[in-house]
1. Of all beta bridges DSSP finds with both residues in chain A, what is the antiparallel percent, to the nearest 5?
2. Segment A:71-86 to segment A:5-27: how many Å between their Cα centroids?
3. Between residue B:83 and residue B:58, what's the calculated FRET efficiency when r is the beta-carbon distance and R0 is 25 Å? Round to 0.05.
4. Full-extension gain between residue A:73 and residue A:85, please, as 0.36 nm times their residue separation minus the C-alpha to C-alpha distance.
5. Using a 10 angstrom cutoff on alpha carbons, build the Gaussian network for chain A and name the most mobile of A:40, A:53, A:72.
6. Rounded, prolate or oblate: which fits segment B:33-115, taking a ≥ b ≥ c as square roots of the Cα gyration tensor eigenvalues, rounded meaning a/c under 1.5, else prolate when a/b beats b/c?
7. Hey, with R₀ at 22 Å, roughly what FRET efficiency would residue A:52 and residue A:16 work out to, going by the Cβ-Cβ distance, to 0.05?
8. For chain A, set up a Gaussian network in which alpha carbons nearer than 10 Å are linked by springs, and say which option among A:65, A:21, A:49 fluctuates the most.
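Please treat every number below as a calculation from the coordinates, not as lab data. The structure presented is a predicted model; accordingly, all values stated were derived computationally and were not measured. When we count neighbours, we look across all protein chains shown, and the Cβ atoms used for this are built from the backbone with ideal geometry, even at glycine.
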């Protein structure tokens, strides 16, 4: 089966610009996650979707970050305006519906550099 | 609060020697525990998980991990290391009592296996 797809793989922008990342999860995976991985740290959850509804966005900086999953399949994460500290790898992951013990499957990530 | 500690930023071993990558966790309830591996410019790949039952869990590529409830640890092990095992390893924990299902990751341990 195809894995989690993400695009673009790399993005360089200047601070105060806007950027969007796209994720297409594994077919049939109802749960979708966006993580931020800053260099030297582990991934930190930004937002979790169950189908097209938000389950957890408590760690999402809502003044500049937004995400949507309108049809319950692919998802877009946006940053507007970007700050230098947003430089990181943005990982998308998905999981089958289950009772929580199922592992998450990760995409290759988008490496964002803000200058 | 949930948290994961990986006390070693780097682990270096010779090929053919046994390896251990350490992980300790803190959760308010009983844990689900996971190990992921990350190769350069790629997303995280699932290695193994502890849900319940036998404290010794076997996973992909010959890796295993031992759950120790009294020490709140979940160390990753392999009897004989390969150069191709060189990568960044992340331990993650989820509180099985949580309805949100968020994974908390450690900061990662860079494993280097030299020939």
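1. Of those bridges, close to 90 percent are antiparallel.
2. 7
3. 0.70
4. 1.4 nm
5. In this elastic network of chain A, the residue with the biggest mean-square fluctuation among A:40, A:53, A:72 is A:40.
6. Oblate shape, in that a/c is at least 1.5 and b/c is the bigger or equal ratio.
7. 0.15
8. A:65
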